[in-house]
Amino acid sequence: MSEQLLRAIIHLLAIVAKEDDVTADERKAIEDFLLENLNQKDSLRFLRLFDEMTTNMANGRNVSFSEEKEISILAKQVNQEFTQQQKIVVVLKVIELIVADGEVSERETILLNQIGIAFHFTHEEIDEIKSYVMSRERADLDRDNILLIDHETKDDLTHAKHLYRENLSAPIAFYRIPKLDIYFAKALGDDPLTNNGVPIRTNKTIVFSAGSSIRGTKITPIFYSDIISHYRKETNETKISFVAEKVEFEFPNGHKGLRGIDIAESSGKLIGLMGGSGAGKSTLLNVLNGNDAPSSGSVRINGIDIHREHEKIEGIIGYVPQDDLLIEELTVYDNLHYAAQLCFKDRSSEELNELVEGTLSSLGLLATRNLKVGSVLEKTISGGQRKRLNIGLELLREPSVMFVDEPTSGLSSRDSENIMDLLKELSLRGKMIFVVIHQPSSDIFKMFDKLVILDVGGYQIYYGNPVEGVIYFKKIVKLMDKDDGSCVECGNVNSEQIFNIIETKVVDEYGQLTDTRKLSPKDWNMLFNVKIKVPKAEEATEKPEKTLNIPNKIKQLMIFSKRDLAAKLSNKQYLIINLLEAPILALLLAFIIRYSAKGQDYSFAQNPNIPAFFFMSIIVALFMGLTVSAEEIFKDRKILKRESFLNLSRSSYLVSKMSILFVLSAVQTLMFVIIGDWVLEIQSMSISFWLVLFSISCFANILGLNISSAFNSAVTIYILIPLLLIPQLILSGVVVNFDKLNPLLSNDNKVPIIGEMMASKWGYEALVVSQFKDNAFKKHFFEYDQTIANSEFKSVYFYPAIENAVDYALKNHKTEDKAIQNKVSQQLALAQKELSQEMKAFNVPDGKFKAIDGLTIDRFDQDVYDETIHFIKIMKKVHNQRMKTASQERDGLSQSMSDTPEKAKALIKLRSENENESISFFLKNTTTKNRLLVTDDALIQKIYPIYKRPSANGPLDFRSHFYAPEKHFMGQYYDTLPFNVIIIWIMSHILFLTLYFDVLKKIVNSFGR
C-alpha cells in the first residue's frame, strides 16, 4: 500500500485509540499491525507517527470539522485503493484496538460503526466480527459461520460447525464472512501453535489466507483446504469423488509412463500435478481425463470407471490443453458464443448471450469482446487474455471435473496469478480442478489444496498439502529448517526447494557434482510408499451432475457450419485467394492453349489443345479441392480434442466441413468453366463441364479431409498433395495410354483396375465423350455414325480375322505336331467364342448355324469350314446392309439440314463451333496400328472406341474400354456422362466412410507404432 494510504489508516486508528488513554495493549495491537505489513524500520517510524497523532488529539483537535467528517475523509482515501477484503481487515484491527484494554466504551462503538458504514459494511456485520473477536469461551462461539476445531464432540453445538482434532485441548475458532469469502482464526487456549511458522498468541485474531496451515507438536496440521472444504460441504448439491487407483500406463514402445499412481479426492479441490521433465505430468493428465486408457488400474468418478463407462460421465469432464483451443478468425465473443450453442440446446438466444456476457465479465474480457482472437504470431489479444479465453470455453458449462495443462506457461506473473485465481474460484464453487503446473510462484503454490509430485519414469513421490510437501522433503534430507514450509518473515514458499532436494547430485572425492542423483526416482517412490498413506476416498454413489445439454445432430451441423463459415468469411486473405484462384487459372490456361494458325481466325474445331484443356481442368479441380481442404481438420485438431469431452457428433462436424467446402468448390469450378468456355469458345456443355469438375473437386475435398485428419504436420500434408496428384495424372489414360502401361498393370480389353481407381480417368472420359457425342452438331448424327463405324469394323476387320482363324485350322487340323494342334485348337475356340457372341447379339437362332458346335479340333472338317465361311458371308452382308442403310439415312438428314444455302452455311458453322477435330481424332483412334488386337482368346476392337458398346461379363460388371459411349450395369446401358459422375460420387462416399472411421489415421498410427 502507499504511504499516504497507511497514514490514513494510522490516523483512523489514532482517532479510535485516543477516546480513552492509549494503553500498552492498544499500542501493542498497533505495533503488531505494523509489523505484519512493514519491516522493522518502517514499523518504528509509523508507530512514532501514531504516538504523535494520539498525543496531539489528546491536547485538542486542530481542525474545524467534526471527527465524523474526518473519518469520512480518511475512509474515502481507503475506499479508493482497498478491496472489501482488505477493508474488513482494517475494521478487524480497529476492533482489536478498542477491545485491547478489555473495555468498549459507547463512544468507541459509535466510531467503530461509523468506520464500518464508511467502508460500506452493515451494523450487523460489524457486530458479528466484534462478537467473534471478543468471545473467549467455546459456548460463546456457537454461532453461524463459525467452525470450531478441538478434541471434543459437537453434541453441545447447535449453530457452529465442528471438526475433531485429537490432542487439541482448547478450541481453534474459525470465522468466515460469506459475502467476502474471507476466513479468520484464533486460538482460545495455550497450545503451542504456529500459522505458517509464526507462533499464534492466545485470542489473537489472524487472517487465515490461501495456503495457510496451523501446526502444533501434538496435532495433525490444519490446512486452508480443510477449512474451506468443511464450510462448503453443506452447500454442494452433488458430491463428486475422484479416485485413481494403482494407475499404470505403458507406451506402445513398451516404456512405462506411469507407475502405480494413487489419488483420492472429493469436490472443491484445486490439485496440482508437478514434476521434472519426463516425469509424466501430461501423461498422467491424459489418463486422468480419459484421453488415454491406463495399462492397468482404474480412474473413477463417483464410482464410474471413466474409461470403461465413458458414456455415463458425458459432459462431466472438461479439458483445457496447453495449446490454444481458439478459432483465430473469430472474435472473443464469437468463440464463446458458438461454444455455448454447442453446450446448451435448451437456452434461447437471449439466455446464451447473457451467459457469454457474464463469462466475459468474470474473465475480465469485456473490453476485448469484439476483437478477433488472431494467431499466436499475429496477436490482437495478449497471452494472458488468450489463456483466460481458453479456460472460458470450459467455464461456460462449469464441468464438475476440469483438467488444465500448464495454464501459466509463457505468461507474466500477474497474468499467471489472474489465471490461477480464476481456477481457484472454480474450485471454491465445488468443482474439482487438476492443473499441471511448472515453477509456480509462492502465491500460486499456496492456492493448491493438494499436490501430486512425479519423478522421472512416472514414479509418484508425493501426495498431500503443498506447503507440507516442502517440509516432507526437507525432513527426509534433514535440513536445518526442516519444520518450516514457508519463510517465517515473509510467508513465501519456495517450491523450487522441492526439486532441488529431489535432484540433489552426488559429489565425488574431488568436490565435483556428478550426474548421479543421491536418491533415484525409485528410492523416492519407496519412501513415499512407506511414509505417505493415500487416504481411502468415500466414493459418492449418486450420478455426477451433468452441466451439458448438447443439441441434436442436425442442430450441431448448423452450428458447426455457421461457425466454420463465419471463420472463413472473416479471413479476407483466404477468401480472396480461393475466389480468384479458379478464374486466374482458367484465364491463364485457356489463354495459353487458345491456338490458331497464323493469319487465321481462332476456331474451336481446329484447336488441337482442347483435349489437353479438359484434362488440365480435371487436374486443376483436383488441385483446388485438395489444397482448400488439406488443413481443415488438422487446424481444428486441438478444438476437436476438447469437444470430444462434449461427445459431439463427428458426422455433424464432418458434414459441416464438407458442406462449406462443396459450396466453395461449386463457386470455384463454376468460375473456371465460365472463363474457360468464354476464352476457348466451348459451346453447349457448360452444365456437364461444371458437373464433372464440381464432382471431381468434391472428391478431392473429401480426400483432402482424409489426409488432414490422418497426419499431424502441415508440412507432411502438403508434401502428400503432389503424391496424390501424380497418380491421377499418370493413370488417367491421357498422359500414358492404358495399352502402354506395365504389362502387370495393363488390360487389353478394358481399363486396368488401377485406372478405374482414378477419379481423373472417370472425369476426363466423361468430359470428352460428352463433348463428342452430345454436342449440338454430333448429337444429330451419332447413332448413324456409330452404326456405320461398327458395321465397317465387323466387315473389314472382325470377320476377316475369323476367316483367317478357320483357314489356318483347315490347313493344319490333321497335323501330328502337338504345337500346331494346340494352335489349331486355340484358333477354333476363338472363332467359336466370337461367332457365338455375334449370334447372341443379332438374335440368330442356333438352328441357323449348327456348324458352330463343330468348331473344335475333334469335330472340325471341310463341311464345318464351308458352313462357317457361308455364315460369315451372310453376316458380312448384314453389316454391309446396316452400313448402307445408316449412310443413306445420315445423308438424308444432312441433306434436310442443308437444302438451302443458308441452312448449309448454318450447318457448317454448327459443326465448326461444336465438333473438335482433336477430340474426334483421339476418340476414333483411326491411326492406331492395331485396329483389331488378336489375342489367344479374344478379338479386341481398338479402332472406334467411342462407337463400341462395351461387353459385360455379368450383371454387376460396369468396367469398359476407355472412351466408351455408354456403360453397362445390371443388364442396362447408361450414358457415360451421368454414369461416370455417379461413380465419382460413389468414390467420394467411400472416402467419407474412411474419414468417419479414421481408417487412414489408424493405418498411419499403426506404422508409427
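Rule-based calculations on the coordinates, nothing more; no lab input. Being a predicted model, the structure only gives us computed values, none of them experimental. Quick reminder, even Gly has a Cβ in these numbers, built from the backbone with ideal geometry, and neighbours come from all protein chains shown.
Remarks
- For Glu250, distant residues with modelled amide H under 5 Å away: Gly257, Ser295
- Straight Cα distances below 27 angstrom link Lys93 to the lysines Lys18, Lys28, Lys41, Lys69, Lys76, Lys130, Lys161, Lys179, Lys186, Lys204, Lys446, with same-chain residues fewer than 8 positions distant left out.
- Relative protection proxy for 677-688, 556-567, 429-440, 522-533, from highest mean packing down: 429-440, 556-567, 677-688, 522-533 (other beta-carbon atoms within 10 angstrom).
- Volume per residue of the C-alpha convex hull in region 137-235, rounded to whole Å³: 94 Å³
- Loop-located trypsin sites (Lys or Arg not before Pro) in region 782-824 whose Cβ has at most 13 other Cβ within 10 Å (DSSP): Lys814
- Derived scalar couplings ³J(HN,Hα) [region 88-95; Karplus, 6.51 cos²θ - 1.76 cosθ + 1.60; whole Hz; x for Gly, Pro]: 5, 5, 4, 4, 4, 5, 5, 5
- Working note: 222 nm ellipticity from helices only, DSSP H runs with n ≥ 4, each -39,500 (n - 2.57), summed and divided by the residues of the chain, gives -16500 deg cm²/dmol to the nearest 500.
- Sequence-distant residues sharing a close amide H with Val320 (under 5 Å, placed H): Phe403, Val404, Asp405
- Among the GluC sites (Glu not before Pro) found in region 486-582, those both in a DSSP coil and sparsely packed, with 12 or fewer other Cβ atoms within 10 Å of their Cβ, are Glu489, Glu509, Glu538, Glu542.
- Shape class for region 663-774, computed from the alpha carbon gyration tensor (a ≥ b ≥ c): oblate, with a/c not under 1.5 and a/b at or below b/c.
- Rounded is the label for region 1-134, because a/c, from the alpha-carbon gyration tensor with a ≥ b ≥ c as root eigenvalues, stays below 1.5.
- Start at zero, step by 10 Å, and the Cα-Cα distances of the chain spread as 2, 8, 13, 14, 13, 11, 9, 7, 7, 6, 4, 3, 2, 1, 0, 0 percent across the bins.
- Restricting region 794-894 to chymotrypsin sites (Phe, Trp or Tyr not before Pro) that sit in a DSSP loop and have at most 16 other Cβ atoms within 10 Å of their own Cβ leaves Phe842.
- Amide H contacts of Ala160 (H built 1.01 Å from N, under 5 Å, at least 5 apart or other chain): Arg143
- Relative contact order of region 1-134, defined on C-alpha pairs under 8 angstrom at six or more residues apart (%): 35 percent
- J(HN,Hα) series, region 803-809, from Karplus relation 6.51 cos²θ - 1.76 cosθ + 1.60, nearest Hz, glycine and proline x: 4, 4, 5, 6, 4, 5, 5
- A straight line joining the Cα centroids of region 912-933 and region 306-334 runs 60 Å.
- Cα shape, region 275-322, gyration tensor, a/c 1.5 rule: oblate
- Angle in degrees between helix 714-730 and the longest Cα principal axis of the chain, rounded to the nearest 10: 10 degrees
- Signed unit charges on C-beta, dipole axis of the chain, positive-most listed residue Leu923, Ala8, Leu893: Leu893
- Neighbour-count order for Lys638, Lys28, fewest beta carbons within 10 angstrom listed first: Lys28, Lys638
- Among His968, Gln84, His879 - extreme Cα towards positive end, dipole of the chain, charges at beta-carbon: His879
- Cα-only radius of gyration and Dmax that characterise region 776-914, units Å: 21.1, 71
- Spatially, region 132-175 and region 202-223 are offset by 14 Å when compared through their Cα centroids.
- Summing Cβ point charges (Lys, Arg +1; Asp, Glu -1) relative to the Cα centre of region 137-235 gives a dipole of roughly 400 debye.
- Fewest-first ranking of Ile576, Ile88, using other Cβ atoms within 10 Å as the exposure measure: Ile576, Ile88
- Couplings 3J(HN,Hα) of region 206-223, computed from phi: 10, 7, 9, 9, 4, x, 6, 8, 9, 10, x, 5, 10, 10, 6, x, 10, 9 Hz, in residue order, whole Hz [Karplus 6.51 cos²θ - 1.76 cosθ + 1.60, θ = phi - 60°; x for Gly and Pro].
- Relative to the dominant Cα principal axis of the chain, helix 553-570 is inclined by about 90°.
- Packing, taken as the mean count of other beta carbons within 10 Å per residue, orders the peptides 38-48, 313-323 from highest to lowest as 313-323, 38-48.
- Between the Cα long axis of helix 521-531 and the first principal axis of the chain there is an angle of about 50°, rounded to the nearest 10.
- Here the chain is treated with +1 on each Lys and Arg Cβ and -1 on each Asp and Glu Cβ, and its dipole about the Cα centre works out to around 3840 debye.
- Of all DSSP beta bridges confined to the chain, the antiparallel ones make up roughly 65%.
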